[in-house]
Structures are given as C-alpha cells and as structure tokens.
1. Of the residues in the range 91-100, how many are touching a Lys or Arg at 6+ places or on another chain (Cβ under 8 Å) and assigned to a loop (DSSP other than H, G, I, E, B)?
2. I'm checking my understanding of the structure. Among residues of the range 42-76 that are of a type in the set (Ser, Thr, Tyr) and within 22 Å of Arg129 (Cα to Cα), which one is surrounded by the most Cβ atoms within 10 Å (Cβ to Cβ)?
3. As an exercise: evaluate Val131 against (1) in contact with a Phe, Trp or Tyr (Cβ under 6 Å, 6 or more places away or on another chain); (2) surrounded by fewer than 21 Cβ atoms within 10 Å (Cβ to Cβ); (3) part of a strand (DSSP E or B) and give the number of the one condition it does not meet.
4. For the list (1) at pLDDT 95 or above; (2) hydrophobic (A, V, I, L, M, F, W, C); (3) under 13 Å from Arg158 (Cα atoms), I need the number of the one condition that Ala23 fails.
5. Across the range 31-77, which residue is modelled with the lowest pLDDT among those that are over 28 Å from Asp93 (Cα atoms) and part of a loop (DSSP other than H, G, I, E, B)?
6. Which one is surrounded by the fewest Cβ atoms within 10 Å (Cβ to Cβ), of the residues in the range 78-89 that are in a loop (DSSP other than H, G, I, E, B) and touching a Ser or Thr at 6+ places or on another chain (Cβ under 7 Å)?
7. Would you pick out the residues in the range 134-161 that are of a type in the set (S, T, N, Q), within 19 Å of Tyr69 (Cβ to Cβ) and either over 9 Å from the mean Cα position of the chain (by Cα) or surrounded by fewer than 22 Cβ atoms within 10 Å (Cβ to Cβ) (or both)?
Amino acid sequence: MKTHLAVGILSGLTLGSATLRSAEAETISDPTGVDVCKRVLGEEVAAALGKALKKTRPMTTDSSARCVYLLTPPGKPDEPASGVVLWLYKAKDYDELAKYTEGPIEEVRGLGDAAMRFKDTGDGLFKLRVVKRGQFALEAVAGDPDSSRRLAELALARFSR
C-alpha cells in the first residue's frame with residue numbers, strides 16, 4: 001500500500017508534457033470557490049522546486065483564486081523565504097490577460113491548449129500563463145523560468161482528472 005502511494009505521488013510530480021496534454025481537465029466556472037492551496041499542496045510545490053515549505057497563503061479576488069507558497073532552502077528554515085504564486089482564472093480570462101501583457105512573450109509548447117511565458121518588467125518575476133480552453137486558466141509565477149514551468153506542470157496535473 002505504501003509503495004503504491006509513493007509511486008502515485010512520484011508519478012504526479014513527474015508527469016510529462018504528453019501526459020498533461022492528454023489528461024482531461026475539469027471545468028472551473030467559478031475559481032473564487034476553489035482553495036488553490038488545498039488543490040496544489042505546498043509540500044508538493046516545495047518538493048517540485050527543491051525547496052522547503054515555510055507557509056502557504058490562500059487568497060481570492062472578485063474573479064480569481066491564488067495560493068502564495070513561501071519557500072526556504074532545504075534545512076534552512078530561518079533563511080528569508082522566497083515566494084511562488086499560483087493563480088487560477090476562468091478560461092476566458094486567458095485571452096483578455098494576453099492583451100495586457102507587456103514585453104517579450106515566449107510561446108511555451110506542451111502545456112494546456114496554449115501557454116505563454118514572460119518576464120514581468122515590474123517585479124522581475126517569470127509568469128507562465130496556461131489555458132485549457134473552456135475549462136480553466138492558470139498562471140505560475142516564480143523567480144526563474146524553469147520553476148514557473150515546474151509549478152505550471154504540477155498545477156495542470158492537480159486540476160486534471
């Protein structure tokens with residue numbers, strides 16, 4: 001039983017792009033009713049990014065939900081925490097957000113139906129937006145492009161059936 005559980009957790013963390021594309025995602029018509037921190041657990045985020053979890057903070061706006069994950073280097077809980085953020089939006093919001101994205105945009109293949117990554121000139125963070133058309137959109141925010149992708153992959157796995 002423990003072996004099957006461990007294999008299941010590891011499988012969830014190492015889903016490849018092809019698996020993510022073929023997974024069927026749920027439709028989320030009201031993201032504000034979703035606790036992102038409970039759907040994408042902080043321990044999973046920390047493990048995927050090679051960090052230790054210090055704290056999670058769920059938040060909602062009028063039209064979205066998000067979770068802020070505060071992370072520290074492994075074994076150094078007193079070090080200053082850095083954060084990554086996972087936003088959940090309605091699928092239709094993806095195209096609207098794209099209109100207001102500034103700076104160079106990189107198309108990211110193998111995630112959802114469409115995905116774009118850019119470095120926000122305001123805060124210097126990498127933001128990776130992904131949409132599953134008609135189902136949901138998400139944005140993974142991190143300090144480097146690789147971490148934003150790993151966070152997005154984990155989130156897609158957790159919001160897919």
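The values are calculated or read from the model by the stated rules, or taken from the named source; none is laboratory data. Quick caveat, the model's predicted, so the values are computed rather than measured. Here the Cβ positions follow ideal geometry from the backbone for every residue, glycine too, while neighbour counts run over all protein chains shown.
1. The number of residues fulfilling the criteria is 1.
2. Step one: filter the range 42-76 for residues of a type in the set (Ser, Thr, Tyr), giving 56, 60-61, 63-64, 69, 72.
If we keep only those that are within 22 Å of Arg129 (Cα to Cα) too, we end up with 56, 60-61, 63-64, 69.
Working: Thr56: 22, Thr60: 15, Thr61: 11, Ser63: 11, Ser64: 19, Tyr69: 28.
By that ranking, first place goes to Tyr69.
3. The number of the failed condition is (2).
4. Result: Ala23 passes all but (1).
5. My answer is Pro77.
6. My answer is Glu79.
7. Within the range 134-161, just Ser147 meets the criteria.
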